[in-house]
Amino acid sequence: MLTIGDKFPSLTVPVQQGTDQLPADETLDLGETNGKWKVLFFWPKDFTFVCPTEIVGYGELAEDFADRDAVLIGASTDTTHVHFAWRRSDEQLAAADFPWIADANQKLARELGILNEEEGVAYRATFIVDPDNIIQHVTINGLNVGRNPAEALRVLDALQTDELCPCNWTEGDEVLKPQAA
């Protein structure tokens, strides 16, 4: 599995965004950062139970991620057409207006090392990637336990301080300033 300090894969991947038009071969170049951070989270499968709670949760924080110069990207091993149908079937998912990677060939999930081969889906993985396309944070959950998007935002805040941040640190709290003995 790729981890902290590894370069994030520079793949061009199919994406789906919005509910107005059928998918039309839209892609996203994951090697391009435009000087921004990336918060990319995988969910196992569309039209399931835990996954929409996470997508909606991340979507509710999309502006907060953008305020921190971070691009929010979702992903699963479904197709763009399945993503489109799922968004159109649920107004809360439709409101989660950030790109959803359609990793139907499982290439990105395999390169990241997060593919559950037995189920043929990705684990619930979150990657925070810096503007140099270097992974700075990774969390992986099993298929049945959802994540806390606010925690991803808190970790992004901490990473962006480039300081020592204690347990439960949140934006605005003091960072640690060790003194030499």
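The values are calculated or read from the model by the stated rules, or taken from the named source; none is laboratory data. The structure presented is a predicted model; accordingly, all values stated were derived computationally and were not measured. Because the Cβ atoms are built from the backbone with ideal geometry, glycine has one as well, and the counts that use them run over all protein chains shown. With ligands, DNA and RNA removed, areas are computed over all heavy atoms of the protein, side chains included. Shrake-Rupley method; radii C 1.70, N 1.55, O 1.52, S 1.80 Å.
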Item checked: segment 33-67, subset among the aromatic types (F, W, Y) and within 13 Å of W86 (Cα to Cα), residue most open to solvent (accessible area, probe 1.4 Å) -> F49
Check: Does at least one position in segment 43-54 carry a residue that is within 17 Å of the chain's Cα centre (by Cα), assigned to a helix (DSSP H, G or I), farther than 22 Å from G113 by Cβ and polar (S, T, N, Q)?
Finding: yes
Margin query: Just to be sure before I move on: is A94 hydrophobic (A, V, I, L, M, F, W, C), part of a helix (DSSP H, G or I) and at negative phi in the structure I sent?
Written below: yes
Notebook entry, point to check: Yes or no: I140 within 23 Å of R68 (Cβ to Cβ), among the β-branched types (V, I, T) and open to solvent by 50 Å² or more (accessible area, probe 1.4 Å)?
Noted result: yes
Check: For the subset of segment 84-103 comprising residues that are out of contact with any helix residue (DSSP H, G or I) (no Cβ under 8 Å at 6 or more places or on another chain) and either more than 15 Å from F41 (Cα to Cα) or modelled with pLDDT under 95 (or both), which member is least open to solvent (accessible area, probe 1.4 Å)?
Finding: F84
Checklist line | Residues being open to solvent by less than 50 Å² (accessible area, probe 1.4 Å), touching a strand residue (DSSP E or B) at 6+ places or on another chain (Cβ under 8 Å) and assigned to a loop (DSSP other than H, G, I, E, B) - total across segment 12-30 | finding: 2
Notebook entry, point to check: Taking the condition small (G, A, S), touching a strand residue (DSSP E or B) at 6+ places or on another chain (Cβ under 8 Å) and surrounded by 18 or more Cβ atoms within 10 Å (Cβ to Cβ), does A70 pass?
Noted result: yes
Checklist line | Condition broken by T79, with the remaining ones in (1) open to solvent by less than 30 Å² (accessible area, probe 1.4 Å); (2) more than 14 Å from the chain's Cα centre (by Cα); (3) polar (S, T, N, Q) satisfied | finding: (1)
